[in-house]
1. Taking region 117-160 as the region of interest, how many residues are among the aromatic types (Phe, Trp, Tyr), under 19 Å from the mean Cα position of the chain (by Cα) and exposed (fewer than 13 other Cβ atoms within 10 Å of the Cβ)?
2. What pairs come out if I take residues in region 197-225 that are in contact (Cβ under 8 Å) with a residue 40 or more places away in the chain and pair them with residues that are charged (D, E, K, R) whose C-beta lies under 7 Å away, six or more apart or interchain?
3. Does Ile139 meet the test of being touching a Pro at 6+ places or on another chain (Cβ under 7 Å) and within 18 Å of Met49 (Cα to Cα)?
4. If we only count helices (runs of 4 or more DSSP H) wholly inside region 28-116, which ones have 2 or more residues that are touching a residue at least 60 places away in the same chain (Cβ under 8 Å) and surrounded by fewer than 16 Cβ atoms within 10 Å (Cβ to Cβ)?
5. Could you figure out which of (1) under 20 Å from Tyr209 (Cα atoms); (2) within 17 Å of the chain's Cα centre (by Cα); (3) of a type outside the set (A, V, I, L, M) isn't true of Phe79?
6. Select, from Ile159, Ile204, the only residue that is within 30 Å of Gln68 (Cβ to Cβ), assigned to a helix (DSSP H, G or I), in contact with a helix residue (DSSP H, G or I) (Cβ under 6 Å, 6 or more places away or on another chain) and aliphatic (A, V, I, L, M).
Amino acid sequence: MSVQTFSGNYCKTPILPQAKRLLLALEFILVFVAIPSALFLKLVSLPIMSILAAACLTASALLISDSQFEAANLINLKFERKHLWKILRRFLLSVPLIILLASVLIPQELISSLNQEFPVWIGGAVVYILFSVLPQEIIFRAFFFHRYKDLFPGRWLLILVSTASFAFIHIIYFNTVAIALTIVGGYFFSKTYYETGSFLLTVIEHSLYGCFLFTIGLGAAFFMN
C-alpha cells in the first residue's frame, strides 16, 4: 500500500481549466469562509458537532468517489519512524511553552486539572479523538489537500491556506486563544501531512496536542460561549 505524499508532483503549478478553478474557488469560499462566518454571526443555530459530522461525511464521500484519491491511505498504518520521532520531539519541545501559557491564562484550572481521575481522562480522550480529531483531519488535511491542491499549488501556499482555514473555523469559539493555538497547531498538522502524506501521523499529532490542552485546562478555549 503506497503513501501519497505531496512534496513532489504537487509542487508544480498545474494547468487547471478556468471554469473548474472558479467552481473550486466558490466551493472553498462557501465551505471554509461562508459557513464559519455564518456560525460566528449566529445566522446558523445548528449544533457544531452536527455540522462537523455532516461536513466529515460529505468530505469522505467525495474522497471515496474520486478515482484519483487512494482511499486506502486513510487506514494505512505504515509510516517512517523518523517522521514519528520528529512529531514527538516537536511536541515535547512545545509542552513547556503550553504549560507556561496555561499558567498565565488559567492558573486555577491548571492546578485543578491535576486532580482528574484517569478512567475519566481516558474516556474523554477517546471521545475527543473519535468525534473531533478524526473528522477535522479528514476535512482539513485529507479532503483539503486532495481537493484544493490545484487551486493552491505549491508547498507553502497549500500549507498556509490549510492552516488559515483550520484556524478560521475556530472563530466560532469567540476567543483569541483558540485561534492562536489553532494557527500553530494547524501549521504543524498541515506541514506533517504535506511532508508525509500520512493521515495516521496527523491524527497522532493532533491528538497529542489536543489531549494535552484539555488535560491542563486550556481545552476550555474550545467550548462555545
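Where a number appears in this text, it was derived from the coordinates with a stated rule and is not lab data. Bear in mind that the values here come from a model prediction, so they are computed numbers and not experimental data. No Cβ is skipped: glycine too gets one built from the backbone with ideal geometry, and neighbour counts run over all protein chains shown.
1. Of the residues in region 117-160, the ones among the aromatic types (Phe, Trp, Tyr) are 118, 121, 128, 131, 140, 143-145, 148, 152, 156.
Retained after the next criterion (residues that are under 19 Å from the mean Cα position of the chain (by Cα)): 128, 131, 140, 143-145, 148, 152, 156.
From what's left, exposed (fewer than 13 other Cβ atoms within 10 Å of the Cβ): 156.
Result for region 117-160: 1.
2. Phe199/Glu137; Phe199/Arg141; Thr202/Glu137; Thr202/Arg141; Val203/Glu137; His206/Glu137; Gly217/Glu109; Ala220/Glu109
3. No; evaluated as a whole, the condition is false for this residue.
4. Values: elements: 35-40, 48-64, 81-105, 107-112.
Here the list reads 48-64, 81-105, 107-112.
5. All conditions pass for Phe79, except number (2).
6. That would be Ile159, the only listed residue that is within 30 Å of Gln68 (Cβ to Cβ), assigned to a helix (DSSP H, G or I), in contact with a helix residue (DSSP H, G or I) (Cβ under 6 Å, 6 or more places away or on another chain) and aliphatic (A, V, I, L, M).
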